[in-house]
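A.B. asks: Dropping the structure in here first, questions after.
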Amino acid sequence: VGRSTDLIVGIGYAVIDAQPGSSPEQKRLMAIKASKLEAYKSIAEQLYGQYIESRGRLSNSTLEQEELVSRVEGLVLGARLVSIKPISEDSYETKLEVGRSDLFERLDKTQEDMGVESTLDTVPSLTAASMIQAPKIGSRR
């Protein structure tokens with residue numbers, strides 16, 4: 001049994017009224033799905049970090065406009081659904097978790113299936129973020 005520090009936990013939230021849908025039931029289902037995607041995003045952020053891009057427009061030494069864009073990309077394997085629950089009348093919370101050892105085993109298996117040599121055997125001290133290569137910035141799938 002792993003220690004609690006061996007777990008990566010992702011929590012996501014979504015507001016029902018902010019979701020697309022023609023009925024309250026549809027909006028509720030979309031909020032559940034959106035909160036689950038946010039929880040996956042939270043796990044991916046912990047594994048891969050966030051790519052941050054900032055652009056500013058300067059005129060006469062005065063900042064006129066600034067834009068900040070963030071992006072997270074990566075593969076999350078083996079996440080376990082802990083809970084999906086309403087946290088108020090208009091919001092849902094989803095909690096996911098994945099064990100680091102489970103994640104490493106699945107990554108190793110995926111690499112073997114792809115014919116890639118295991119990084120776990122050669123460098124056991126690597127973290128998930130350095131082992132898993134997210135697509136290069138600007139790449140399209």
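The values are calculated or read from the model by the stated rules, or taken from the named source; none is laboratory data. Nothing here was measured: the structure is a model prediction, and the numbers come from that model. Please note: Cβ atoms are built from the backbone with ideal geometry, for glycine as well, and neighbour counts cover all protein chains shown. To get the accessible areas, we keep the full protein, side chains included, count just its heavy atoms, and leave off ligands, DNA and RNA. Shrake-Rupley method; radii C 1.70, N 1.55, O 1.52, S 1.80 Å.
A.B. asks: Take residue 92 and decide whether it is open to solvent by less than 80 Å² (accessible area, probe 1.4 Å), closer than 20 Å to residue 13 by Cα, in contact (Cβ under 8 Å) with a residue 24 or more places away in the chain and outside any strand (DSSP E or B). Give the steps one after another, and end with the answer.
C.D. replies: Working: open to solvent by less than 80 Å² (accessible area, probe 1.4 Å): yes; closer than 20 Å to residue 13 by Cα: yes; in contact (Cβ under 8 Å) with a residue 24 or more places away in the chain: yes; outside any strand (DSSP E or B): no.
No.
A.B. asks: Let me ask another. Quick check on segment 10-46: of everything there that is hydroxyl-bearing (Ser, Thr, Tyr) and open to solvent by 40 Å² or more (accessible area, probe 1.4 Å), which residue is nearest to the chain's Cα centre (by Cα)?
C.D. replies: Let us first name the residues in segment 10-46 that are hydroxyl-bearing (Ser, Thr, Tyr), namely 13, 22-23, 35, 40, 42.
From the residues that got through so far, the ones that are open to solvent by 40 Å² or more (accessible area, probe 1.4 Å) too are 13, 22, 40.
On the way: 13: 13, 22: 28, 40: 4 Å.
Residue satisfying both the conditions and the ranking: 40.
A.B. asks: In addition: What are the pairs, 6+ residues apart or on separate chains, where a residue within segment 16-37 that is in contact (Cβ under 8 Å) with a residue 40 or more places away in the chain has its Cβ under 7 Å from a residue that is in a helix (DSSP H, G or I) and open to solvent by 90 Å² or more (accessible area, probe 1.4 Å)?
C.D. replies: Between residues of segment 16-37 that are in contact (Cβ under 8 Å) with a residue 40 or more places away in the chain and residues that are in a helix (DSSP H, G or I) and open to solvent by 90 Å² or more (accessible area, probe 1.4 Å), the close pairs are 16/28.
A.B. asks: Outside any strand (DSSP E or B), out of contact with any Ser or Thr (no Cβ under 7 Å at 6 or more places or on another chain) and aliphatic (A, V, I, L, M), is that true of residue 81? Lay out the reasoning, then the answer.
C.D. replies: Values: outside any strand (DSSP E or B): no; out of contact with any Ser or Thr (no Cβ under 7 Å at 6 or more places or on another chain): yes; aliphatic (A, V, I, L, M): yes.
No.
A.B. asks: Which residues, taken from segment 40-88, are touching a Phe, Trp or Tyr at 6+ places or on another chain (Cβ under 9 Å), of a type in the set (Gly, Ala, Ser) and closer than 19 Å to residue 106 by Cβ?
C.D. replies: 74, 79
A.B. asks: Any residue at all in segment 48-67 that's more than 25 Å from residue 20 (Cα to Cα), open to solvent by less than 40 Å² (accessible area, probe 1.4 Å) and either in contact (Cβ under 8 Å) with a residue 40 or more places away in the chain or not hydroxyl-bearing (Ser, Thr, Tyr) (or both)?
C.D. replies: yes
A.B. asks: Now a separate question. Do we have any residue at all in segment 57-65 that's out of contact with any helix residue (DSSP H, G or I) (no Cβ under 8 Å at 6 or more places or on another chain) and outside any strand (DSSP E or B)?
C.D. replies: Pass one, segment 57-65, residues out of contact with any helix residue (DSSP H, G or I) (no Cβ under 8 Å at 6 or more places or on another chain): 57-65.
In the following step, the residues that additionally are outside any strand (DSSP E or B) were identified as 60-61.
Looking for residues that are out of contact with any helix residue (DSSP H, G or I) (no Cβ under 8 Å at 6 or more places or on another chain) and outside any strand (DSSP E or B), one finds at least one in segment 57-65, hence yes.
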